[in-house]
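Visitor: Got a structure for you, questions after.
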Amino acid sequence: MTAALAGHVDRLDLPAEPGISPRAVRSVLRMMAKIAQDSGEFRYGLRGSKLATLTDYSLSVIRRAQRYLVDHGYLERVVVGGGRSSTRWRIVVDKLDPQLASRHNSGAVETRQTGRADTAQQRRPWFSQRIDRAAPTPNAVTPPSMAELRSTSLCRHGGEDGVLPDGRPKCPLCRRGAP
C-alpha cells in the first residue's frame, strides 16, 4: 500500500492476548499493508504460506495473527478461499488511522476477474458419469461357440485345418513344417 500506512501499523496499540505476540501480529499486518492496494483490499488472494515466507513466521502463527486481526476489526475476509483459490482480505484503513481514511478518496475497489467461473469452488460428479456408462463396443468380435469349434476340421497337430488367403496352412506348426 503506502509507507504511511505501514508507519501507522507500527504505531498501533495492540492489546495483549494470550497465544500470540503483538510483535507477530504487527509484522503480519505490516506485510499485508505493504502488499494491499490503496483501499486496503488485495487484488488477488493471499495464501498463509506466502505470508509465512515473507514474515519468517510459521503458518500457525500467521493464522493466529489473522484471527486476532479479524477479531479486533483490523482485517476483514472479503472472500473465503479453499482448494485452488486463496482467501481474499481487506485491511480496515479507518480502524488503523481515521484521518488517513478521510483523506483517502477511493472506495472499495472492484477487482476484475476472468469470465470463467473458478472450477475449484464447484464440485461436479463428472467421474460417476464415466463409470456408470457402459463401454461402447461397435466392432465387437464374438468368440466362436463350442459347436463351431468342433465342426472345423483339424490338422495332424490339432490346429485348424485349411489354408490362409495367401496359400499357406492355417496351423502354425504346419507352416513351419513340423512333423
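The values are calculated or read from the model by the stated rules, or taken from the named source; none is laboratory data. None of the values given here were measured: they were computed from a predicted structure. Here the Cβ positions follow ideal geometry from the backbone for every residue, glycine too, while neighbour counts run over all protein chains shown. Side chains are part of the model used for accessible areas, which takes the heavy atoms of the whole protein and leaves out ligands, DNA and RNA. Shrake-Rupley method; radii C 1.70, N 1.55, O 1.52, S 1.80 Å.
Visitor: Lysines near LYS95 by alpha-carbon distance under 21 Å, same-chain residues fewer than 8 away left out - which ones?
Guide: Correct list for LYS95: LYS34.
Visitor: Shifting gears a bit: Specify whether the C-alpha gyration tensor of region 61-101 places it in the rounded, prolate or oblate class, a ≥ b ≥ c being the square roots of the eigenvalues: rounded for a/c under 1.5, otherwise prolate if a/b is larger than b/c and oblate if not. It would help to have the intermediate numbers written out before the result.
Guide: Numbers: a/c = 3.46, a/b = 1.74, b/c = 1.99.
The shape class here is oblate.
Visitor: Going by average Cβ neighbours within 10 Å, how do the peptides 164-173, 59-68 rank, with the highest at the top?
Guide: Details: 164-173: 11.3, 59-68: 18.7.
Top to bottom by mean Cβ count within 10 Å: 59-68, 164-173.
Visitor: In addition: To the nearest 10 square angstrom, what accessible area does ASP71 show with a 1.4 Å probe?
Guide: 110 Å²
Visitor: With all protein chains present and a 1.4 Å probe, how do TYR57, TYR74 order by accessible area, largest first?
Guide: Details: TYR57 60, TYR74 20 Å².
Ranked from most to least accessible, the order is TYR57, TYR74.
Visitor: While we're on this one: Mind ranking THR142, THR87 by accessible surface for me, highest first, 1.4 Å probe? All intermediate terms of the calculation are to be shown ahead of the outcome.
Guide: Details: THR142 115, THR87 30 Å².
So, going from the largest accessible area down, we get THR142, THR87.
Visitor: Another question, if that's okay. Determine the relative contact order of region 4-58: mean sequence separation of Cα pairs under 8 Å and six or more apart, normalised by residue count, in whole percent. Kindly include the intermediate steps, with their values, before the conclusion.
Guide: Details: 26 pairs, mean separation 17.6, N = 55.
It rounds to 32 percent for region 4-58.
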